[in-house]
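Everything below concerns the one structure shown next.
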Amino acid sequence: MHFFEILFIALALSLDAFAVSLATAISGHVRNKRAAFRLWFHFGLFQFLMPVLGWALGTIIEPVTASIGDWVAFALLAFVGVRMVRSGLQPSGMNPADDPTRGLILVMLAVGTSIDALAVGLSLAMLHINAWYPSAVIGIVTAMMCMIAIAGGVRLGTGVGSRAQVAGGIVLLLIAARIVINHLR
């Protein structure tokens, strides 16, 4: 597999994490460098780990993951999206536990946006391609795309407030809907 093929795959896989990072930054949840680091690090890490995991599992569980992987990604993203919309519609300060740069919500977002990378890893196993190098490129590209999204979102988000959080939740719901639509095709 050539570098440019891997790069295009990495860019395609990073788009969901890019959108979530942008929405999170616009909504005002990226308040400092630590929050930004947690976001891009986790998205990059999971985008690296999922192809390796898919490759390691190989074709043994491919029929199972093909049938439920999209539904898992949908459920995770929809859950977090609904929580973001609900939190954005509540009076300010009522739901600090819904910070998408921390804890279980961050892990759910990272898993939800990287399920498609698991499928890429399974494909690499079927093609007898070692997944370590492509996975490293995918993880690095995703982390870089998230850094760009966070920087842009922080600039855009100044003063936008809870409307941006609602918009971010809607973006997650749209990504979840796209996953289901693509699965049903």
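Here, each number is a calculation from the coordinates, and none is a lab measurement. Since this is a predicted model, take the numbers as computed values, not measurements. Don't worry about glycine lacking a Cβ; one is built from the backbone with ideal geometry, like all the others, and counts go over all protein chains shown.
Listing for the model above:
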{"quantity": "Inter-site label distance for K33 and H2 at 7 Å from Cα along Cβ, in nm", "calculated": "4.0"}
{"quantity": "R0 of 41 Å, Cβ-Cβ distance L127-L174: FRET efficiency to nearest 0.05", "calculated": "0.85"}
{"quantity": "Contour excess over end-to-end distance, with Cα ends at I148 and R86 and 0.36 nm allotted per residue", "calculated": "19.6 nm"}
{"quantity": "Relative packing of 3-13, 171-181, which averages over residues the other C-beta atoms within 10 Å, highest first", "calculated": "171-181, 3-13"}
{"quantity": "Protection proxy ranking, peptides 133-140, 21-28, average beta carbon neighbours within 10 Å, highest first", "calculated": "21-28, 133-140"}
